[in-house]
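The structure appears right after this line, and notes come after that.
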Amino acid sequence: MRPAARTRTRRRRSGDAPASPEGAIRARLAGKRAPDLGRRLNASGYAGRLPVPSRLLLLASLAVAGCGVPAPPRPPDRPARIVSLLPAFTEILADLGAAERLVGCTEHCRPGREVGQVAWQGAEGAEAIVRLRPDLVLRQKRRNGEDPLLWVLGRAGIPVLALPSETVGDVREAIVAIGKAVGFDPAPLLERFDRALAAAISRGGSRTDRSVLFVYGRDPGVAANIQAAGPGSFLDELVRLAGGRNALGGGWPPYASVSLEALMRLAPEVIVDNVPPEKSVEEARAAWSRYRDVPAVREGRVRAVLDPQLLIPGPRLPDAVARLAELIHGEP
């Protein structure tokens with residue numbers, strides 16, 4: 001008698017983490033599900049077909065969980081081959097005048113010309129980056145935990161500039177840091193940014209302090225599994241700069257799941273539903289229309305928008321503040 005086949009189950013490793021809110025937002029820009037940032041670089045399935053850097057990536061993927069990130073090499077004074085792994089950093093490069101040095105970016109970026117496309121995480125992403133032979137990689141700095149991709153690129157001898165990108169202050173610092181790293185004077189771009197932001201804030205700051213729920217994700221067709229920006233997030237800062245008040249007050253995480261019961265209790269006066277590409281403004285309005293007890297729905301202040309720029313903490317942030325002020329304070 002043959003023994004019963006054992007069912008193999010995949011257990012989550014103790015070092016793994018859930019997908020980050022930033023990953024969810026970037027995935028929304030492409031209309032895809034959020035990737036799992038907790039996945040380690042996985043060698044399984046690549047043995048026998050990886051090109052030149054295969055052994056490096058395989059060793060890195062096996063060892064990353066137990067090793068620290070090696071110190072990255074120093075980039076040249078004027079890097080000629082740059083890979084950007086964040087739309088905001090790609091925009092900064094373009095506005096500095098360094099777009100011609102870009103040789104690779106993610107599918108979420110808008111480089112303005114044909115460049116290599118790379119994933120922003122995982123073994124395949126690392127492999128594609130190494131193939132492009134960059135002398136500088138721009139990467140968002142993780143808030144906590146080890147970044148496996150940085151480990152791999154450091155082992156490959158590729159310089160990486162990892163910067164935070166979650167607040168207005170982070171945007172300003174990124175403009176300065178990237179400008180210096182690529183050999184361009186950041187002062188003109190920073191001055192334009194500050195001037196435009198001050199103008200946008202002045203248009204929204206004196207308006208009515210309406211409570212705003214900024215939704216960056218939900219189930220199709222219904223207001224369920226609502227993902228909204230809480231205090232301390234980039235989008236929370238945008239709402240406040242635009243003269244609004246976040247409906248998610250103290251006690252909520254920066255990126256929160258909001259139940260229907262919580263939605264009724266919060267009673268937001270404005271709902272900004274940033275609709276992903278596969279949906280439509282009409283779908284969004286229909287999804288919220290059944291919840292007439294919510295003031296934003298009852299008073300016609302559900303703002304369904306197809307505007308991915310609202311989600312990018314880059315040099316066009318002042319435009320996002322101005323647009324958000326219109327959404328919050330405009331008439332139904």
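Read-outs throughout are calculated quantities, based only on the coordinates presented, and are distinct from any laboratory measurement. The shown structure was predicted, so the numbers you read here are calculated from the model rather than taken from an experiment. So basically every Cβ, Gly included, is an ideal-geometry build from the backbone, and we count neighbours across all protein chains shown.
Of 236, 185, 135, the sequence from fewest to most neighbouring Cβ atoms within 10 angstrom is 185, 135, 236. Structural descriptor for the range 115-256: relative contact order 16 percent, calculated from alpha carbon pairs under 8 angstrom and at least 6 residues apart.
Straightening the chain between residue 257 and residue 176 buys 25.7 nm, computed as 0.36 nm per residue apart minus the Cα-Cα spacing. Exposure proxy shown here: for 234, 184, 193, the number of other Cβ atoms within 10 Å sets the order, fewest to most, as 184, 193, 234.
State whether the range 143-283 is rounded, prolate or oblate according to the following rule on the C-alpha gyration tensor (a ≥ b ≥ c being the square roots of its eigenvalues): a/c under 1.5 gives rounded; otherwise a/b larger than b/c gives prolate, and the remaining case gives oblate. The shape class here is oblate.
Grab the other residues whose beta carbon is less than 14 angstrom from that of residue 315, score K and R as +1, D and E as -1, and report the net. Every neighbour counted, the sum reads -2. Annotation: extensible slack from residue 326 through residue 292 equals 10.0 nm (criterion: 0.36 nm per residue apart, minus Cα-Cα distance).
Counting beta carbons within 10 Å around each of 180, 279 and listing the fewest first gives the order 180, 279.
Sequentially through the range 286-299, phi angles give Karplus couplings (6.51, -1.76, 1.60; θ = phi - 60°) of 5, 4, 8, 4, 7, 9, 5, 6, 7, x, 4, 6, 4, 9 Hz, Gly and Pro residues having no value and appearing as x.
In terms of its C-alpha gyration tensor, the range 204-329 has a rounded overall shape, because the principal axis ratio a/c (a ≥ b ≥ c, square roots of the eigenvalues) stays below 1.5.
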